[in-house]
1. Within the bounds of the stretch 179-197, is there any residue that is surrounded by fewer than 20 Cβ atoms within 10 Å (Cβ to Cβ), modelled with pLDDT of 95 or more, in contact with a helix residue (DSSP H, G or I) (Cβ under 8 Å, 6 or more places away or on another chain) and assigned to a helix (DSSP H, G or I)?
2. Any chance you could count how many residues in the stretch 139-175 are closer than 12 Å to residue 217 by Cβ and surrounded by fewer than 21 Cβ atoms within 10 Å (Cβ to Cβ)?
3. Is it the case that residue 85 is touching a residue at least 24 places away in the same chain (Cβ under 8 Å) and more than 30 Å from residue 25 (Cα to Cα)?
4. Condition (residue is within 15 Å of residue 207 (Cβ to Cβ), without any contact (Cβ under 8 Å) to a residue 60 or more places away in the chain, assigned to a helix (DSSP H, G or I) and within 20 Å of the chain's Cα centre (by Cα)) applied to the stretch 63-77: is it met by at least one residue?
5. What about residue 214, is it closer than 16 Å to residue 61 by Cβ and modelled with pLDDT of 95 or more?
6. Determine whether the stretch 94-111 contains at least one residue that is part of a helix (DSSP H, G or I), modelled with pLDDT of 95 or more and under 21 Å from the mean Cα position of the chain (by Cα).
7. Taking the stretch 10-61 only, how many residues are crowded, with 19+ Cβ neighbours inside 10 Å, over 17 Å from the mean Cα position of the chain (by Cα) and either in a loop (DSSP other than H, G, I, E, B) or free of Cβ contacts under 8 Å to residues at least 24 places away in the same chain (or both)?
8. Which numbered condition trips up residue 161, out of (1) under 22 Å from residue 92 (Cβ atoms); (2) in a helix (DSSP H, G or I); (3) in contact (Cβ under 8 Å) with a residue 12 or more places away in the chain?
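The values are calculated or read from the model by the stated rules, or taken from the named source; none is laboratory data. Computed from a predicted model, the values in this text were never measured in an experiment. Virtual Cβ from ideal backbone geometry, glycine too; neighbours counted across all protein chains shown.
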């Protein structure tokens, strides 16, 4: 039987989260099967994204199967589509910014009379801003996933105020969450470095780690009595003490 939140320390253990999928004796088979499903164009990627939510919700719900990975099947496409919609607005903002900056740069270059230099500077500045913005977006990614999965926020990537609440509530613990998410992304590439076949296991494994990261952070925040609560629990969060954020 899985341990209860009361049995666990209210601190984020990066090592434990990174090893979380291995608690399932069949993790290699499950991850490999999910990797094969991921070969299906578009649908496979959405299915894998939805699997992240399934992993998180199963762990948050607790019970005897909390540490077992959800079955490898093509049943998470709907959840994956909602994950995509939650993340997409931020990407659209970046694209819109680049389009406006590119249009302004092109217009300046066509003006001539020194406008070429100014147009080039505008474009370089825009790319620099996008680079910085991408780094910030990477830092916010765990908070975005948390808001969507735990808080059921449909447009989590542009809910900047609530993202800040999620980060502030965890404090230094959120930095550990970010480290775990960063390492999870690196794990996805390890299979490709070893062999292409390994990617089919390492990529789903990294997605499972992302789900475990969300669930663990939810447990930590739920254990903090000072965490504000403005929305009733959703999904399986009630099993770990209720939903810590919301409108």
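1. Checking the stretch 179-197: at least one residue is surrounded by fewer than 20 Cβ atoms within 10 Å (Cβ to Cβ), modelled with pLDDT of 95 or more, in contact with a helix residue (DSSP H, G or I) (Cβ under 8 Å, 6 or more places away or on another chain) and assigned to a helix (DSSP H, G or I).
2. Counting residues in the stretch 139-175 that are closer than 12 Å to residue 217 by Cβ and surrounded by fewer than 21 Cβ atoms within 10 Å (Cβ to Cβ) gives 5.
3. Details: touching a residue at least 24 places away in the same chain (Cβ under 8 Å): yes; more than 30 Å from residue 25 (Cα to Cα): yes.
When the stated conditions are applied, residue 85 passes them.
4. Scanning the stretch 63-77 turns up at least one residue that is within 15 Å of residue 207 (Cβ to Cβ), without any contact (Cβ under 8 Å) to a residue 60 or more places away in the chain, assigned to a helix (DSSP H, G or I) and within 20 Å of the chain's Cα centre (by Cα).
5. Numbers: closer than 16 Å to residue 61 by Cβ: yes; modelled with pLDDT of 95 or more: yes.
Yes.
6. Start the filter on the stretch 94-111 by keeping residues that are part of a helix (DSSP H, G or I), which leaves 94-111.
Retained after the next criterion (residues that are modelled with pLDDT of 95 or more): none.
No, the stretch 94-111 has no match at all.
7. Here the count works out to 1.
8. (3)
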